[in-house]
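Trainee: Sharing a structure here in C-alpha coordinates format.
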Amino acid sequence: MSLAAKQLGMTTSAVSQQIKTLEQEVGLNLFNRSPRSLSLTEAGDIYYQSCKKLLQTAEQTKQKLQYLTGIPSGKLKLVAPVGFGAGLLSEPLKRLIELHPKLNIELILTDEPVDMLKEGADLALCIGPLNDSNLIARKLAQWPYALCVNATHPLAINDQCIEQLNQHAHIAHSHLNYQLFKPNSAPYTLNAPRIKVNNMQSVIQLVCDGLGYAMLPEPEVRERIKNKELKQLHKDWQRSNYTVYAVTPKRDFIAAKTYALLDILKKHFAEVTLGTKHHL
(Lines give C-alpha, C1' and ligand atoms only; values in the text may rest on other atoms or scores of the structure.)
Protein backbone atom coordinates (compact mmCIF):
# COMPACT_ATOMS: atom_id res chain seq x y z
CA MET A 1 0.00 0.00 0.00
CA SER A 2 2.78 2.42 0.90
CA LEU A 3 4.65 1.73 -2.36
CA ALA A 4 1.46 2.22 -4.38
CA ALA A 5 0.76 5.45 -2.52
CA LYS A 6 4.28 6.72 -3.26
CA GLN A 7 3.93 5.98 -6.99
CA LEU A 8 0.51 7.65 -7.13
CA GLY A 9 1.51 10.67 -5.05
CA MET A 10 -1.13 9.85 -2.44
CA THR A 11 -1.16 8.98 1.24
CA THR A 12 -1.35 5.33 2.28
CA SER A 13 -4.67 5.95 4.00
CA ALA A 14 -6.10 7.47 0.80
CA VAL A 15 -5.09 4.38 -1.19
CA SER A 16 -6.60 2.13 1.48
CA GLN A 17 -9.85 4.09 1.34
CA GLN A 18 -9.95 3.76 -2.45
CA ILE A 19 -9.60 -0.02 -2.11
CA LYS A 20 -12.42 -0.17 0.45
CA THR A 21 -14.66 1.87 -1.85
CA LEU A 22 -13.87 -0.49 -4.72
CA GLU A 23 -14.67 -3.54 -2.60
CA GLN A 24 -18.00 -2.00 -1.63
CA GLU A 25 -18.82 -1.40 -5.31
CA VAL A 26 -18.06 -4.99 -6.39
CA GLY A 27 -19.47 -6.51 -3.21
CA LEU A 28 -16.44 -8.75 -2.65
CA ASN A 29 -13.15 -8.64 -0.73
CA LEU A 30 -10.27 -8.08 -3.14
CA PHE A 31 -7.50 -8.64 -0.56
CA ASN A 32 -6.71 -11.17 2.14
CA ARG A 33 -5.54 -9.04 5.05
CA SER A 34 -3.44 -9.98 8.07
CA PRO A 35 -1.11 -7.95 10.35
CA ARG A 36 1.94 -9.13 8.38
CA SER A 37 0.76 -9.73 4.84
CA LEU A 38 -1.55 -8.61 2.09
CA SER A 39 -2.52 -10.85 -0.83
CA LEU A 40 -5.16 -10.95 -3.53
CA THR A 41 -8.32 -13.01 -3.12
CA GLU A 42 -9.60 -15.01 -6.08
CA ALA A 43 -11.95 -12.10 -6.84
CA GLY A 44 -9.05 -9.66 -6.49
CA ASP A 45 -6.92 -11.62 -8.96
CA ILE A 46 -9.76 -11.75 -11.51
CA TYR A 47 -10.34 -8.01 -11.10
CA TYR A 48 -6.60 -7.26 -11.42
CA GLN A 49 -6.14 -9.37 -14.56
CA SER A 50 -9.20 -7.78 -16.16
CA CYS A 51 -7.91 -4.28 -15.37
CA LYS A 52 -4.53 -5.13 -16.91
CA LYS A 53 -6.24 -6.17 -20.14
CA LEU A 54 -8.32 -3.00 -20.17
CA LEU A 55 -5.22 -0.83 -19.68
CA GLN A 56 -3.33 -2.71 -22.41
CA THR A 57 -6.25 -2.26 -24.78
CA ALA A 58 -6.42 1.45 -23.95
CA GLU A 59 -2.67 1.85 -24.57
CA GLN A 60 -2.84 -0.06 -27.87
CA THR A 61 -5.78 2.09 -28.98
CA LYS A 62 -3.81 5.22 -28.08
CA GLN A 63 -0.79 4.00 -30.06
CA LYS A 64 -2.91 3.06 -33.09
CA LEU A 65 -4.47 6.52 -33.14
CA GLN A 66 -1.03 8.09 -32.75
CA TYR A 67 0.24 5.89 -35.59
CA LEU A 68 -2.60 7.12 -37.84
CA THR A 69 -1.92 10.76 -37.09
CA GLY A 70 1.83 10.28 -37.40
CA ILE A 71 2.42 12.86 -34.66
CA PRO A 72 4.75 11.64 -31.87
CA SER A 73 3.21 12.58 -28.54
CA GLY A 74 2.73 11.36 -24.97
CA LYS A 75 5.37 9.59 -22.90
CA LEU A 76 8.18 7.61 -24.49
CA LYS A 77 9.93 5.18 -22.14
CA LEU A 78 13.53 4.44 -23.15
CA VAL A 79 15.85 1.94 -21.43
CA ALA A 80 19.61 2.16 -22.06
CA PRO A 81 22.96 1.06 -20.55
CA VAL A 82 24.27 3.42 -17.88
CA GLY A 83 27.22 4.45 -20.07
CA PHE A 84 24.91 5.87 -22.70
CA GLY A 85 23.65 8.42 -20.21
CA ALA A 86 27.08 10.05 -20.11
CA GLY A 87 26.49 11.82 -23.40
CA LEU A 88 25.83 9.34 -26.21
CA LEU A 89 22.09 10.00 -25.93
CA SER A 90 22.27 13.75 -25.31
CA GLU A 91 22.21 14.87 -28.93
CA PRO A 92 19.56 12.42 -30.24
CA LEU A 93 17.26 13.20 -27.31
CA LYS A 94 17.82 16.92 -27.86
CA ARG A 95 16.81 16.52 -31.51
CA LEU A 96 13.76 14.48 -30.49
CA ILE A 97 12.33 17.01 -28.03
CA GLU A 98 13.05 19.91 -30.37
CA LEU A 99 11.26 18.23 -33.28
CA HIS A 100 8.33 16.90 -31.25
CA PRO A 101 7.16 19.32 -28.53
CA LYS A 102 4.25 17.05 -27.51
CA LEU A 103 6.62 14.23 -26.56
CA ASN A 104 7.91 13.54 -23.03
CA ILE A 105 10.76 11.11 -22.36
CA GLU A 106 11.38 8.79 -19.42
CA LEU A 107 14.97 7.51 -19.57
CA ILE A 108 15.91 4.47 -17.48
CA LEU A 109 19.63 3.75 -17.23
CA THR A 110 20.69 0.29 -16.10
CA ASP A 111 23.31 -2.33 -16.95
CA GLU A 112 21.05 -5.11 -15.68
CA PRO A 113 18.55 -7.05 -17.86
CA VAL A 114 15.12 -5.40 -18.05
CA ASP A 115 11.76 -7.03 -18.80
CA MET A 116 10.54 -4.53 -21.41
CA LEU A 117 6.97 -5.78 -21.45
CA LYS A 118 6.68 -5.70 -17.67
CA GLU A 119 8.24 -2.24 -17.47
CA GLY A 120 6.10 -0.91 -20.32
CA ALA A 121 9.20 0.32 -22.19
CA ASP A 122 8.79 1.55 -25.76
CA LEU A 123 12.41 1.00 -26.78
CA ALA A 124 15.59 -0.37 -25.21
CA LEU A 125 19.21 -0.06 -26.28
CA CYS A 126 21.06 -3.32 -25.70
CA ILE A 127 24.54 -4.70 -26.28
CA GLY A 128 24.58 -8.03 -28.11
CA PRO A 129 21.83 -10.15 -29.70
CA LEU A 130 18.62 -11.19 -27.94
CA ASN A 131 16.73 -14.48 -27.96
CA ASP A 132 13.36 -13.25 -26.67
CA SER A 133 10.71 -14.01 -29.30
CA ASN A 134 8.49 -11.24 -27.89
CA LEU A 135 11.04 -8.59 -28.91
CA ILE A 136 12.40 -7.26 -32.19
CA ALA A 137 16.08 -6.20 -32.32
CA ARG A 138 17.35 -3.75 -34.93
CA LYS A 139 21.10 -3.31 -35.37
CA LEU A 140 22.14 0.31 -34.85
CA ALA A 141 25.93 0.24 -34.69
CA GLN A 142 29.03 -1.86 -34.21
CA TRP A 143 31.75 -0.18 -32.20
CA PRO A 144 35.29 -1.10 -31.08
CA TYR A 145 36.90 -1.06 -27.66
CA ALA A 146 40.01 0.91 -26.76
CA LEU A 147 42.68 -0.30 -24.33
CA CYS A 148 43.22 2.77 -22.11
CA VAL A 149 45.03 4.14 -19.08
CA ASN A 150 45.21 7.56 -17.48
CA ALA A 151 47.72 9.73 -19.34
CA THR A 152 49.87 10.01 -16.19
CA HIS A 153 49.87 6.24 -15.48
CA PRO A 154 53.27 4.48 -15.76
CA LEU A 155 51.94 2.41 -18.69
CA ALA A 156 51.23 5.60 -20.63
CA ILE A 157 54.85 6.68 -20.21
CA ASN A 158 56.65 3.37 -20.73
CA ASP A 159 54.73 0.60 -22.48
CA GLN A 160 56.82 -1.21 -25.05
CA CYS A 161 55.14 -4.62 -25.16
CA ILE A 162 51.71 -5.90 -24.27
CA GLU A 163 53.12 -8.31 -21.65
CA GLN A 164 53.93 -5.26 -19.49
CA LEU A 165 50.21 -4.96 -18.77
CA ASN A 166 50.50 -7.91 -16.38
CA GLN A 167 52.58 -5.76 -14.04
CA HIS A 168 49.66 -3.37 -13.47
CA ALA A 169 46.07 -3.50 -12.25
CA HIS A 170 43.49 -4.63 -14.79
CA ILE A 171 39.98 -3.16 -14.35
CA ALA A 172 37.13 -4.90 -16.15
CA HIS A 173 33.39 -4.88 -16.62
CA SER A 174 31.77 -7.97 -15.14
CA HIS A 175 30.26 -9.06 -18.47
CA LEU A 176 33.38 -8.82 -20.66
CA ASN A 177 35.97 -11.46 -21.47
CA TYR A 178 39.67 -10.63 -21.37
CA GLN A 179 40.93 -11.99 -24.69
CA LEU A 180 42.53 -9.71 -27.29
CA PHE A 181 43.24 -10.38 -30.95
CA LYS A 182 45.82 -9.14 -33.43
CA PRO A 183 46.21 -10.02 -37.12
CA ASN A 184 48.70 -12.84 -37.70
CA SER A 185 49.21 -13.33 -33.94
CA ALA A 186 47.95 -15.76 -31.35
CA PRO A 187 45.20 -14.38 -29.07
CA TYR A 188 46.43 -12.70 -25.91
CA THR A 189 44.55 -13.02 -22.62
CA LEU A 190 44.77 -10.13 -20.18
CA ASN A 191 45.59 -10.97 -16.58
CA ALA A 192 42.64 -11.51 -14.25
CA PRO A 193 41.15 -8.17 -13.18
CA ARG A 194 42.14 -6.71 -9.83
CA ILE A 195 38.88 -4.75 -9.89
CA LYS A 196 35.68 -6.05 -11.49
CA VAL A 197 32.68 -3.69 -11.85
CA ASN A 198 29.13 -4.18 -13.15
CA ASN A 199 28.91 -0.62 -14.47
CA MET A 200 30.93 0.65 -17.44
CA GLN A 201 30.86 4.30 -16.36
CA SER A 202 32.46 3.26 -13.08
CA VAL A 203 35.15 1.33 -14.98
CA ILE A 204 35.88 4.45 -17.06
CA GLN A 205 36.06 6.63 -13.95
CA LEU A 206 38.44 4.24 -12.18
CA VAL A 207 40.75 4.28 -15.21
CA CYS A 208 40.57 8.09 -15.35
CA ASP A 209 41.49 8.15 -11.65
CA GLY A 210 44.67 6.21 -12.42
CA LEU A 211 43.86 2.88 -10.75
CA GLY A 212 44.80 0.77 -13.76
CA TYR A 213 44.03 -0.08 -17.38
CA ALA A 214 40.86 -1.36 -19.05
CA MET A 215 39.18 -2.14 -22.36
CA LEU A 216 36.69 0.73 -22.76
CA PRO A 217 33.98 1.40 -25.36
CA GLU A 218 35.72 3.70 -27.84
CA PRO A 219 32.80 6.09 -28.53
CA GLU A 220 32.32 6.63 -24.79
CA VAL A 221 35.97 7.65 -24.24
CA ARG A 222 36.75 9.24 -27.63
CA GLU A 223 36.77 12.78 -26.25
CA ARG A 224 38.87 11.77 -23.23
CA ILE A 225 41.49 10.28 -25.57
CA LYS A 226 41.35 13.32 -27.83
CA ASN A 227 41.89 15.76 -24.94
CA LYS A 228 44.70 13.50 -23.61
CA GLU A 229 43.04 12.64 -20.32
CA LEU A 230 43.35 8.99 -21.38
CA LYS A 231 45.95 7.31 -23.55
CA GLN A 232 45.07 4.43 -25.85
CA LEU A 233 47.56 1.55 -25.74
CA HIS A 234 48.38 -1.15 -28.32
CA LYS A 235 45.86 -0.07 -30.96
CA ASP A 236 46.69 -3.15 -33.04
CA TRP A 237 45.30 -5.40 -30.28
CA GLN A 238 41.51 -5.56 -30.11
CA ARG A 239 38.71 -7.55 -28.53
CA SER A 240 35.55 -8.36 -30.47
CA ASN A 241 33.51 -5.28 -31.35
CA TYR A 242 30.27 -4.70 -29.49
CA THR A 243 26.99 -4.34 -31.33
CA VAL A 244 24.27 -1.93 -30.25
CA TYR A 245 20.68 -2.95 -30.90
CA ALA A 246 17.43 -1.01 -30.66
CA VAL A 247 14.87 -3.38 -29.16
CA THR A 248 11.10 -2.95 -29.31
CA PRO A 249 8.18 -5.17 -28.26
CA LYS A 250 6.86 -7.38 -31.05
CA ARG A 251 3.75 -5.59 -32.32
CA ASP A 252 1.78 -5.16 -35.55
CA PHE A 253 2.97 -1.57 -35.85
CA ILE A 254 5.49 0.87 -34.43
CA ALA A 255 4.06 3.90 -32.63
CA ALA A 256 4.97 7.25 -34.18
CA LYS A 257 6.96 8.26 -31.08
CA THR A 258 9.05 5.06 -31.22
CA TYR A 259 9.63 5.39 -34.97
CA ALA A 260 10.77 8.99 -34.50
CA LEU A 261 13.34 7.95 -31.88
CA LEU A 262 14.53 5.00 -33.98
CA ASP A 263 15.11 7.24 -36.98
CA ILE A 264 17.12 9.76 -34.96
CA LEU A 265 19.18 7.07 -33.22
CA LYS A 266 20.08 5.39 -36.53
CA LYS A 267 21.35 8.67 -37.99
CA HIS A 268 23.22 9.74 -34.86
CA PHE A 269 24.90 6.37 -34.21
CA ALA A 270 25.96 6.21 -37.88
CA GLU A 271 27.64 9.60 -37.41
CA VAL A 272 29.35 8.38 -34.23
CA THR A 273 30.57 5.26 -36.06
CA LEU A 274 32.10 7.36 -38.83
CA GLY A 275 33.66 9.69 -36.28
CA THR A 276 31.86 12.71 -37.72
CA LYS A 277 29.86 13.29 -34.56
CA HIS A 278 30.90 13.38 -30.91
CA HIS A 279 28.45 13.10 -28.06
CA LEU A 280 27.80 16.21 -25.96
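The values are calculated or read from the model by the stated rules, or taken from the named source; none is laboratory data. Treat the numbers as computed from the prediction; the structure is a model and nothing was measured. Here the Cβ is made from the backbone with ideal geometry for all residues, glycine too, and neighbour counts use every protein chain on show. The area values use the complete protein model at the heavy-atom level, side chains included, leaving out ligands, DNA and RNA. Shrake-Rupley method; radii C 1.70, N 1.55, O 1.52, S 1.80 Å.
Trainee: I want to verify the translational diffusion coefficient of the chain in µm²/s; compute it with Stokes-Einstein, Rh as the Kirkwood radius over Cα pairs, at 4 °C and 1.567 mPa s.
Mentor: For these conditions, the coefficient is 58 µm²/s.
Trainee: Tilt of helix 256-274 relative to the longest C-alpha principal axis of the chain, in degrees (0 to 90, nearest 10)?
Mentor: Its long axis makes an angle of about 0 degrees.
Trainee: With every protein chain kept in the model, how would you rank Glu42, Glu229 by accessible area, 1.4 Å probe, largest at the top?
Mentor: Glu42, Glu229
Trainee: Taking a cut-off of 18 Å between Cα atoms, list the lysines near Lys182, but don't count ones fewer than 8 places away on the same chain.
Mentor: Result set, ordered by chain and number: Lys235.
Trainee: I'd like the antiparallel share, as a percent to the nearest 5, of DSSP beta bridges with both residues in the chain.
Mentor: Antiparallel bridges: around 65 percent, rounded to the nearest 5.
Trainee: Taking all protein chains as present, what is the carbon and sulfur share of the accessible area of the range 1-51, in % to the nearest whole number, probe 1.4 Å?
Mentor: With neighbouring chains kept in place, the figure for the range 1-51 is 54 percent.
Trainee: Now, a different point. May I ask what percent, to the nearest 5, of DSSP beta bridges between residues of the range 145-232 are antiparallel?
Mentor: DSSP beta bridges in the range 145-232 are roughly 70 percent antiparallel.
Trainee: For an R0 of 51 angstrom, estimate the FRET efficiency from the Cβ-Cβ distance between Leu3 and Tyr178 and round to the nearest 0.05.
Mentor: 0.80
Trainee: Pick out which of Thr248, Thr61, Thr110 has the largest mean-square fluctuation in a Gaussian network model of the chain, springs linking Cα atoms closer than 10 Å.
Mentor: Maximum fluctuation in the GNM of the chain, among the listed residues, is at Thr61.
Trainee: Sorted from largest down, give the three principal axis spans of the alpha carbons of the range 30-85, whole angstrom values.
Mentor: Dimensions of the range 30-85 along the principal axes of its Cα atoms: 48, 34, 12 Å.
Trainee: Give me the angle, in degrees from 0 to 90, between the Cα long axis of helix 12-26 and the longest principal axis of the Cα atoms of the chain, rounded to the nearest 10.
Mentor: The helix 12-26 is inclined about 50 degrees to the chain.
Trainee: Mind checking the alpha-carbon convex hull of the range 115-184 and giving the volume per residue in Å³?
Mentor: Looking at the range 115-184, the number lands at 175 Å³ per residue.
Trainee: With charges only on Cβ, +1 for K and R and -1 for D and E, what is the dipole size of the chain about its Cα centre, in debye, rounded to 20?
Mentor: Dipole of the chain, to the nearest 20 debye: 400 debye.
Trainee: Give the Rg/Rh ratio for the range 145-232, taking Rg as the radius of gyration of the Cα atoms and Rh as the Kirkwood radius, to two decimals.
Mentor: Checking Rg against Rh, the ratio lands at 0.93.
Trainee: Quickly estimate the mean residue ellipticity at 222 nm for the chain, helices only: each DSSP H run with n ≥ 4 gives -39500 (n - 2.57), and the total goes over all residues, rounded to 500.
Mentor: -11500 deg cm²/dmol
Trainee: For a Förster distance of 22 Å, can you work out the FRET efficiency between the beta-carbons of Gln60 and Asn29, rounded to the nearest 0.05?
Mentor: With a Förster radius of 22 Å, E is 0.10.
Trainee: While we're here: Please report, to one decimal in angstroms, the Kirkwood hydrodynamic radius of the range 1-51 built from all distinct Cα-Cα pairs.
Mentor: 11.5 Å is the Kirkwood radius here.
Trainee: Further question on the same structure: Can you give the accessible area per residue of the range 16-130, in Å², using a 1.4 Å probe?
Mentor: 65
Trainee: Measure off 7 Å from each Cα along the Cα-to-Cβ vector at Leu135 and Ile105, then give the distance between these two points in nanometres to one decimal.
Mentor: Inter-label distance under the simple model: 2.0 nm.
Trainee: Separate question: Listed highest first by mean packing, meaning other Cβ atoms within 10 Å per residue, what order do 169-179, 189-199, 19-29 come in?
Mentor: 169-179, 189-199, 19-29
Trainee: Let me ask you something else. Taking a 22 Å limit on the Cα-Cα distance, which of the listed pairs Lys77/Lys139; Lys62/Lys266; Lys62/Lys102; Lys6/Lys77; Lys94/Lys250 fall beyond it?
Mentor: Those over the limit are Lys62/Lys266; Lys94/Lys250.
Trainee: Ignoring ligands, DNA and RNA, please state the percent of accessible area on the range 166-280 from carbon and sulfur, probe 1.4 Å.
Mentor: 48
Trainee: Which one of Leu54, Leu147, Leu38 has the biggest mean-square fluctuation once the chain is modelled by GNM with Cα springs under 10 Å?
Mentor: Leu38
Trainee: Let me ask something else. Could you tell me the distance between the Cα centroids of the range 49-107 and the range 149-226, to the nearest Å?
Mentor: Value for the Cα centre distance between the two parts: 36 Å.
Trainee: Taking the Cα atoms only, what angle lies between the long axis of helix 42-69 and the longest principal axis of the chain, rounded to 10 degrees?
Mentor: 60
Trainee: Sticking with this one: Normalise the Cα radius of gyration of the range 176-280 by 2.2 N^0.38 Å (N = residues in it) and let me know the number.
Mentor: Ratio of Cα Rg to 2.2 N^0.38 Å: 1.34.
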